[in-house]
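Reviewing the structure listed below.
Each value in this text was obtained by applying a stated rule to the coordinates, not by laboratory testing. All figures in this text were calculated on a predicted structure; none of them were measured in a lab. Virtual Cβ from ideal backbone geometry, glycine too; neighbours counted across all protein chains shown.
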Amino acid sequence: MDEYGNSGEGRATRRDEAVRAAVEQGLLGPDSPIVGLLDVTGIRESAAELRAAFAEVTAPGTPVLHAFAVKATPLVPVLRLLREEGIGAEVASPGELALARAAGLSPAETVLDSPAKTPAELREALALGIAVNADNPQELDRIDGLVRSAVSRSPLGIRVNPQVGGGSIGATSTATATSKFGVALRDEGAREWVVRAYLDRPWLSRLHAHTGSQGIPFPLMAQGVAETYALAEEINRRIGRPQIDTIDIGGGLPVNFASDVTAPTYAEYARALREAVPGLFDGRYGLVTEFGRSLLAKHGTIVARVEYAKSAGGRAVAVTHAGVQVATRTVYVPGSWPLRITAYDGKGRPKSGPEVVQDVAGPACFAGDLLAEGRALPLLDQGDYAAALDTGAYYFAHHYAYNSLARPGIYGFVPDPARGVRFATVRDPQTLASIVAESGGAHAGALTTLHAPGSR
């Protein structure tokens, strides 16, 4: 059981009940062969665990904003639920900001981070009073101009790259020597430039760093936070007053994709940080966190119907409706992003029986569209269901439109004494008309009207 009660066993039980109920209530079936399911109980529990973990290590009265990384699960109902649980939003695009605002998040609950903010994005954020972390000197120059032209309530800071190294997945390591994010502190002259930027701008009050995401070990994460804290201390010492009053430590807590157990926990991470950087928690600095995957991954499941069961080269192959369109990272980089697969029968009940080595394939027209290759599972038959677990973040909300496959419907669920499980629609299944519209259907004849001079 997790330290604050979010039991992996309880989560698995809720999931099994939800899959069965989805079949019984018609959310899953021949005409709706793929859905995403979100465990609302689990999401609430994770949010409570996050708040409790940092409350345990911070001095009483310390301002703490836990801002959910919207990129992980960009769904308005999810953001509204998290807001109800005391979690804000970290946004990295105009689209994500629009989602956060649609969910009712206030500017005070929102942080804007992006390596490519346009003047219009910056102008909007500063007009609203949203916190902004400048990524680089050119962006800070833009902010200079905006601050001179209009008064803003936005807390402003600089994102730095402590360059402490990468983890096991290069694409999610953001503190490498050549990372595209932030001001690279170990580059020649960079640290002094950052200090001077604060000396010259009394309105800069925050410092931000994010060491990485999945695949980053605890010690490296803690080292990145420690170096950011040390820089804040140096800047305030040089200025002679506590100009930096808030440190944004980013997120990046890795997720255990091997079982239902939550490991590591927020409590373990918070205590590790307190041990490595005790001054961070003594009340002199406000804190911002930006966790994403660790809040949602364990609470999402993609369930897909087995359309055909076949064999090839002596290996069983289950052809399902879940593949690259919902699990892009897993299909293209399976070694870094493996997913657990659970077998359910045609009535949505966990399937038993001897395990058989088989492939679980998706519907896209290329050979590598596999959710799992050579996986030992109870044999999946036509009409059964394959569930991809731990997919609440960076999976079913990040559709990849290969073969113009439709986005699946997404449904949140809670246990219900009367019905067994109660569902709420988070996102409707995409219609074929929507696919046509997104693919230029309103402009079908546009290209036929264009002719090179003299061609006719």
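In terms of packing, defined here as the mean over residues of other Cβ atoms within 10 angstrom, the peptides 403-410, 425-432 line up highest first as 403-410, 425-432. Taking all Cα pairs closer than 8 Å and separated by 6 or more residues, the relative contact order of segment 388-452 comes to 24 percent. Stretching Glu17 away from Ala452 to a fully extended chain increases their span by 150.4 nm, per 0.36 nm per residue minus the current alpha-carbon distance.
Taking other C-beta atoms within 10 Å as the exposure proxy, Tyr308, Tyr269 rank Tyr308, Tyr269 from fewest upward. Let a ≥ b ≥ c be the square roots of the eigenvalues of the Cα gyration tensor of segment 348-433; is it rounded (a/c under 1.5), or, if not, prolate (a/b larger than b/c) or oblate? Oblate shape, in that a/c is at least 1.5 and b/c is the bigger or equal ratio.
For Lys310, the aspartates and glutamates whose Cα falls under 18 Å of its own Cα, not counting residues fewer than eight places away in the same chain, are Asp345, Glu355, Asp359, Asp369, Glu373, Asp381, Asp384. Seen against the Cα atoms of the chain and their longest principal axis, helix 266-276 is set at about 30 degrees.
Listed by Cβ neighbour count within 10 Å, with the fewest neighbours leading, Lys347, Lys71, Lys117 appear as Lys347, Lys71, Lys117. Taking other C-beta atoms within 10 angstrom as a stand-in for reagent exposure, Asp141, Asp248 fall in the order Asp141, Asp248, fewest first.
Within segment 298-431, antiparallel bridges make up roughly 90 percent of the DSSP beta bridges whose residues both belong there. Cα axis of helix 218-239 to longest principal axis of the chain: angle in degrees, 0 to 90, nearest 10? Taking Cα atoms only, the helix is inclined about 20 degrees. Pairing the Cα long axis of helix 190-200 with the longest principal axis of the chain, what angle in degrees results, from 0 to 90 and rounded to the nearest 10? Tilt relative to the chain: about 60 degrees. Measuring nothing but how far apart in sequence close Cα pairs (under 8 Å, 6+ apart) lie, relative to its length, the chain scores a relative contact order of 18 percent. For segment 298-431, the relative contact order works out to 29 percent when only alpha carbon pairs closer than 8 Å and six or more residues apart are counted. Only beta bridges with both residues in the chain are counted; by DSSP, about 50 percent of them are antiparallel. Taking amide H atoms as placed 1.01 Å from N in the peptide plane, the amide H of Val288 lies under 5 Å from those of Leu65, Ile247, Asp248, Ile249, each 5 or more residues away in sequence or on another chain.
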